Every structure is written in C-alpha cells, then in structure tokens.
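Taking it in order: structure first as structure tokens, then the write-up.
The values are calculated or read from the model by the stated rules, or taken from the named source; none is laboratory data. On a predicted model such as this, the values are computed, not experimentally measured, just so you know. In this analysis, Cβ positions are derived from the backbone assuming ideal geometry, glycine residues included, and neighbour counts consider all displayed protein chains.
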Amino acid sequence: MIGRQKKYQRLLSYLVMGLLLPFIANCGQSSVNQTNQNQNQTATTPSTPEQSSSVSTSGEKSKKLKVVTTFLPMYWFTKAVTGDAADVEILIPPGSEVHDFQAKPDDVQAIANASVLVKNGLGLEAFLQDTIKNAQNPKLLEIDASKGIDILKEISPVEKAGKKDEDHDHNHNHAEGNPHVWLDPVLVKQQVTNIKEGLIAKDPENKATYEANAAAYIKELDNLNSEFQQTLQKTPKCTFITFHDAYPYLAKRYNLKQVAVVEIPEDQLAPTDVKNAIDAVKKYKVKALFSEPGVDNKLLTSLAKDLNLTLRELDSLENGDTNPQDYFQAMKANLQILETACR
C-alpha cells in the first residue's frame with residue numbers, strides 16, 4: 001500500500017512539473033528580455049547629469065558672438081572687453097605691415113561669417129572697403145574704435161635723406177589724420193569704450209560682462225598713464241627722432257617732441273644722405289634716436305655712431321603676443337626706453 005502510494009506521488013509530481021515547465025521557461029525569457037531592454041536604455045541614455053548637459057553647453061558655445069578685429073591692438077582691446085563671452089579673431093597676423101595688407105579669400109569669409117568688425121579707422125586699414133563689400137554681410141556691425149577721438153592732423157616735421165622713395169614702407173599718406181592713437185593710454189580708454197558700446201548694441205545679453213571687463217581694463221590704463229606721467233615729468237621736452245611717424249600722440253601726452261625722419265633709403269647711401277640726416281638731428285637738438293624692433297636700417301646706425309647717440313628700439317605695438325595684458329608689458333618697456341634715452 002505504501003509502495004503504491006509513493007508511486008502515485010511520483011506520478012503526481014511529474015504531472016505538476018510538466019504543467020509548470022512552459023510557464024517557467026516563458027518567465028525566464030521575459031526576464032532576459034527585460035534585462036536586455038534595460039541594457040539598451042543604459043547605452044542610449046546619459047548616465048550622469050554632466051553627459052545630459054553637454055548638449056546644451058555645446059549649443060551655448062555656438063551662439064557666441066563672432067567678432068573680427070583688424071590688427072593686434074584692436075584684438076587686445078576687444079578681447080579684453082569680451083573675455084570668454086565672444087569668439088574674437090584677428091585678420092592681420094602680428095608683425096605684418098598694416099598699411100600694405102592685402103586681404104585673402106579667408107579674410108573675406110571671416111567677415112562674411114562675423115557679426116561685428118572692430119577697426120582702428122582713420123584710413124589705417126585701407127584694405128577693408130573692398131573686403132567688406134566682397135563679404136556681402138548686411139548684418140555686420142562695424143565698430144570704429146577711434147570715433148570721437150581728437151585726431152592729430154599734422155604729422156611731425158619731416159626731414160628727407162636721400163632720394164624720395166615712393167615705395168618705402170613708412171611713407172604713408174595719413175589723409176584722415178595720424179592713426180597711431182593706440183600708443184596713448186588715455187586715448188585707448190576711448191577706444192575701449194567705443195568697442196564696449198558697439199558690442200553691447202549687438203549683444204545686449206552680455207552687457208554686464210562687457211561693462212565689467214571694460215571698466216577693469218580702463219582702470220589698468222589709468223594706472224599706466226599715471227606711471228608714464230610720473231616717470232617722464234623728470235625729462236620734459238625730450239626731443240627724439242624716429243623713421244616712423246608713429247609716436248606724436250605719445251609725445252603730445254607726455255610733453256615730448258617727436259621728429260620723424262622718413263623716406264630714408266636703406267641701401268646705396270651717399271655721403272650727402274648721411275650729412276642731411278645729421279644736420280636734421282643737430283637742428284632739432286635731438287637727445288634720442290629710435291628704431292623699431294626687427295628693423296635694421298644702415299642710415300640710423302650711421303647716425304647713431306656719428307652723433308654719439310645710442311640707437312634704441314621703440315615699439316609701435318603692431319607685433320607681440322595676443323594676450324590683452326601684453327599691451328601693458330610693451331608700453332612699460334617703451335617707458336623704460338624713453339626714460340633712459342631722455343636723461
């Protein structure tokens with residue numbers, strides 16, 4: 001009896017297992033499918049907040065104001081105002097001759113894609129008129145950094161040495177006034193203000209950033225101006241000669257006197273050429289003789305030797321690093337040179 005009962009129990013257990021096996025198999029497959037779905041969702045869904053926010057961050061970057069500047073000082077002042085709030089480019093590579101620059105197709109394209117163009121003005125960037133026309137960008141805002149500045153119309157006295165050279169790099173016609181306003185820290189304050197106001201007009205959402213950055217840079221310009229005043233008041237009415245008419249604003253601001261010797265030949269100097277230049281130096285009772293970084297002029301070297309003057313380099317700030325703080329470093333280096341030469 002007991003054996004038969006066990007037999008029935010085994011048959012019953014087999015029957016139950018037979019009924020349950022399909023259900024168990026189906027449940028197992030459902031569990032696997034659910035696991036696969038979870039894995040797929042994990043692969044397509046950002047796992048961290050940082051990942052989910054990267055898309056919006058990229059979108060914000062693409063919305064930055066695109067600004068093109070002409071040459072180095074304009075880049076410095078514009079970048080100082082924008083900080084990271086705008087994408088700022090420079091057309092003319094540092095160290096290139098601004099007066100003779102010829103725009104390339106890439107320059108036209110840069111202006112075509114820009115919202116703002118910052119220029120020094122006063123006829124310095126002669127290439128711009130045709131370049132802007134070719135860019136065909138009706139939404140472009142041009143910022144003239146020299147707007148409202150009291151321009152010096154008359155260039156410094158010119159003494160020619162040798163035959164007139166129409167193609168000399170520094171024989172430039174400043175019909176709209178001398179454009180080298182960036183060498184006067186006080187006038188740079190106006191340029192920075194003009195740039196700030198133009199950027200705010202085009203990009204009012206970043207007004208607070210532009211105003212704060214401009215105020216900080218202007219404060220540094222005030223400090224630089226004070227340093228120039230305190231240093232150069234010890235050497236009043238110092239007269240100097242340079243072959244580039246770049247420093248009349250600087251000279252006027254700090255009671256110096258620039259005499260520009262221009263159109264001087266670099267080769268085939270006749271004794272008369274040197275004599276004419278020496279007479280000019282004596283005529284103005286010059287205390288200092290300045291060249292520029294990277295310029296090797298034989299006449300200036302001869303002048304310095306014959307007049308027992310040290311030929312020093314004064315920087316017109318058209319070459320250097322793109323960090324906006326480099327303006328102050330270069331200007332302070334100029335100040336040290338002026339102080340030494342004018343003693």
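Of everything in the stretch 296-320 that's of a type outside the set (S, T, N, Q) and without any contact (Cβ under 8 Å) to a residue 24 or more places away in the chain, which residue is surrounded by the fewest Cβ atoms within 10 Å (Cβ to Cβ)?
D296
Using the structure shown, decide if G177 is surrounded by fewer than 22 Cβ atoms within 10 Å (Cβ to Cβ), at pLDDT 95 or above and on the phi > 0 side of the Ramachandran plot.
Answer is no for this residue.
Is there any pair linking a residue in the stretch 80-91 that is within 19 Å of Y217 (Cα to Cα) to one that is of a type outside the set (A, V, I, L, M, F, W, C) and assigned to a loop (DSSP other than H, G, I, E, B), with Cβ under 6 Å and at least six apart or on different chains, and which?
Note: pairs meeting the criteria are A80/P324; A86/K64; D87/K64.
Considering only residues that are at pLDDT below 85 and out of contact with any strand residue (DSSP E or B) (no Cβ under 6 Å at 6 or more places or on another chain), which ones fall in the stretch 304-332?
Residues satisfying the conditions are K305, D306, L307, N308.
Of all residues in the stretch 88-135, how many are under 20 Å from V192 (Cα atoms) and among the polar types (S, T, N, Q)?
Total satisfying the criteria: 2.
Can you tell me which residue within the stretch 264-293, out of those that are modelled with pLDDT under 75 and in a loop (DSSP other than H, G, I, E, B), is nearest to K237 (Cα to Cα)?
It comes out as I264.
Sort out which residues of the stretch 89-147 are closer than 29 Å to P185 by Cα and in contact with a Lys or Arg (Cβ under 8 Å, 6 or more places away or on another chain), and write them in order of number.
Once the filter is applied, which keeps residues that are closer than 29 Å to P185 by Cα and in contact with a Lys or Arg (Cβ under 8 Å, 6 or more places away or on another chain), the stretch 89-147 yields E89, A114, S115, V116, G121, E125, L128, L141, E142, I143, D144, A145.
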